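A quick write-up on the structure given underneath.
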Amino acid sequence: MLVSLIVCLSKRMRSFRPRVQEFLHDWLGLWLGIGTINQCIHEAGRAVEPLEDRMIEEIRRAELLNVDETPWKEKALLLWFSVFCSLTITLFVVGARSAEALERILGNEFPGWLMSDGLKVYQRCLKRLRCWAHLDRKAKGLSESLDSEARRFGGQVLAIFEILRRAVYQAREAPPGTSNLRRVHGDLLGILMLACQEHADSSHEKTHALAREFLYDWEAIWAVLSDPFLPMTNNEAERLLRHWVIYRRICYDTRTAQGSRVVALLASVIETCRKRKVLPWPFLADTIAKRRRGEAVPPLPTVAAA
């Protein structure tokens, strides 16, 4: 439990090692060296490492998976801190944004829906969704531009998004299958496609970038119109990254590959437990105790009853 507490103070409460040391001394009367505190955190990471393969197995069976990433520095090396989250699993990985890295997590052919940004590496997944919020923000930026062409295009995209967003919300309230939004709003989508084609070669960099992004990912962006109960945003993945982005800024990333892996492993277990409405700290303590006795890692906690 002491090691679990140290992990909580370091990773969940985002405390520097000296602050963890101060807390343990002032509240528990324990004096541990900085090196010992660091060893405790790394022991916890090694203890839960076998759970990663189990998480990957569950991730690959998910019907819907949200994916997002944020830059992560490992000393002078620029990597990415990626999150893969389903209904019951949250998996974090530190590494490159490559097809090989994605295949290690999702396998050769992921059968479910993948909600992501426009990164090309995700194109290999057949059932993709694009986050409307990302595109909305880009369009809003254009609508506030000093360039008149950019303002018109950005405003047009925002207006169409607003109409279609309301239509999706209304469809969710109606009986399933009562309307096909792509057919009902086909004219509106046609107008937007023509606008994107007209602006694909615009001299304004961000205007042609957004136009091409729409044309490049057209089916992924509008898949929700065929099934209104699919998500329109990637807020779930962004929310899960937020805590660890703040942690990164406070702790100045990591210095070694081992340190990066420990952060990802512990973050995965902590957030998966929280997603399942189970306290992570007793589970982490039990896992460490079993590993010290040479026993197998316990299974991930089941989802707690509401």
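Values quoted throughout were computed directly from the atomic coordinates according to the rules given, and no laboratory measurement underlies them. Here the structure is a predicted model, which is why all the values come from computation and not from measurement. Counting neighbours? That spans all protein chains shown, and the Cβs are built from the backbone with ideal geometry, glycine included.
Report the convex hull volume per residue for the range 60-210, counting only C-alpha atoms, in Å³.
About 155 Å³ per residue, rounded to a whole number.
For D68, list long-range residues whose amide hydrogen, built 1.01 Å from N in the peptide plane, is under 5 Å from its own amide hydrogen.
V83
If r is the Cβ-Cβ distance from E58 to I163 and R0 is 22 Å, what FRET efficiency results, to the nearest 0.05?
After rounding, the FRET efficiency stands at 0.05.
Take every Cα pair under 8 Å in the range 132-226 that's 6+ residues apart, average their separations, divide by the length, and report that relative contact order as a whole percent.
Working: 76 pairs, mean separation 26.1, N = 95.
About 27 percent, as a whole number.
Where Lys and Arg each count +1 and Asp and Glu each count -1, what net charge lies around I221 among other residues with Cβ under 13 Å from its Cβ?
With Lys, Arg at +1 and Asp, Glu at -1, the neighbours total +1.
Subtracting the Cα-Cα distance from 0.36 nm times the residue separation, let me have the gained length for A289 to Y216 in nm, one decimal.
Values: separation 73, 0.36 × 73 = 26.28 nm, distance 5.10 nm.
Gain in length upon complete extension: 21.2 nm.
Given a Förster distance of 30 angstrom, what is the FRET efficiency for I250 paired with H42, based on the Cβ-Cβ distance and rounded to 0.05?
0.95
Where the centre of each part is set by its Cα atoms, how far does the range 106-175 sit from the range 50-78, in angstrom?
23
Connecting C-alpha atoms closer than 10 Å in a GNM of the chain, tell me which of H134, H42, H204 has the biggest fluctuation.
H204
Taking springs between alpha-carbon atoms closer than 10 angstrom, which of P176, P282, P228 fluctuates most in the Gaussian network model of the chain?
P176
With the contact rule set at Cα under 8 Å and sequence spacing of 6 or more, what percent relative contact order holds for the chain? Numbers along the way, then the final one.
Details: 417 pairs, mean separation 76.5, N = 306.
Averaging sequence separation for qualifying contacts and normalising by length gives 25 percent for the chain.
Report the local net charge at R46: Lys and Arg +1, Asp and Glu -1, summed over other residues whose C-beta lies under 14 Å from its C-beta.
Taking every other residue near R46 into account, the sum is +1.
For the range 132-226, what is the convex hull volume of its Cα atoms per residue in Å³?
Measuring per residue, one finds 81 Å³ for the Cα hull of the range 132-226.
A 32 angstrom limit on the alpha carbon distance is what I want to check against. Which of K73/K120; K127/K206; K120/K140; K73/K140; K120/K290; K75/K277 exceed it?
K120/K290; K75/K277
Could you order peptides 113-119, 271-277, 246-252, 161-167 by the average number of other Cβ atoms within 10 Å of their residues, highest first?
113-119, 271-277, 161-167, 246-252
Non-local amide H neighbours of K73 (under 5 Å, H modeled in plane, Pro and chain starts lacking H): which ones?
Amide H to amide H, under 5 Å and 5 or more residues apart or across chains, K73 pairs with L79, T254.
So how strong a dipole does the range 1-148 carry about its Cα centre when Lys and Arg Cβ are +1 and Asp and Glu Cβ are -1, to the nearest 20 debye?
Using Cβ point charges on Lys, Arg, Asp and Glu, the range 1-148 gives about 220 debye.
Can you tell me the FRET efficiency between E198 and A257 if r is taken as the Cβ-Cβ distance and R0 is 51 Å, rounded to the nearest 0.05?
For E198 and A257, the calculated efficiency is 0.60.
If you build a Gaussian network model of the chain, linking Cα atoms that sit under 10 Å apart, which residue out of F92, F84, F153 swings the most?
F153
What residues have an amide H closer than 5 Å to that of R128, excluding those fewer than 5 places away on the same chain, when H is modeled at 1.01 Å from N in the peptide plane?
L114
What is the diffusion coefficient of the chain in µm²/s, taking the Kirkwood radius over Cα pairs and the Stokes-Einstein relation at 37 °C with a viscosity of 0.692 mPa s?
The Stokes-Einstein estimate is 152 µm²/s.
At 222 nm, what helix-only mean residue ellipticity would the chain give, in deg cm²/dmol to the nearest 500, using -39500 (n - 2.57) for each DSSP H run of four or more? Don't skip to the answer; put the middle values down first.
On the way: 14 runs with 177 residues, N = 306.
Calculated mean residue ellipticity at 222 nm is -18000 deg cm²/dmol.
Tell me the net charge near E144. Cut-off is 14 Å between Cβ atoms, E144 excluded, with +1 for each Lys or Arg and -1 for each Asp or Glu.
Neighbourhood net charge equals +3.
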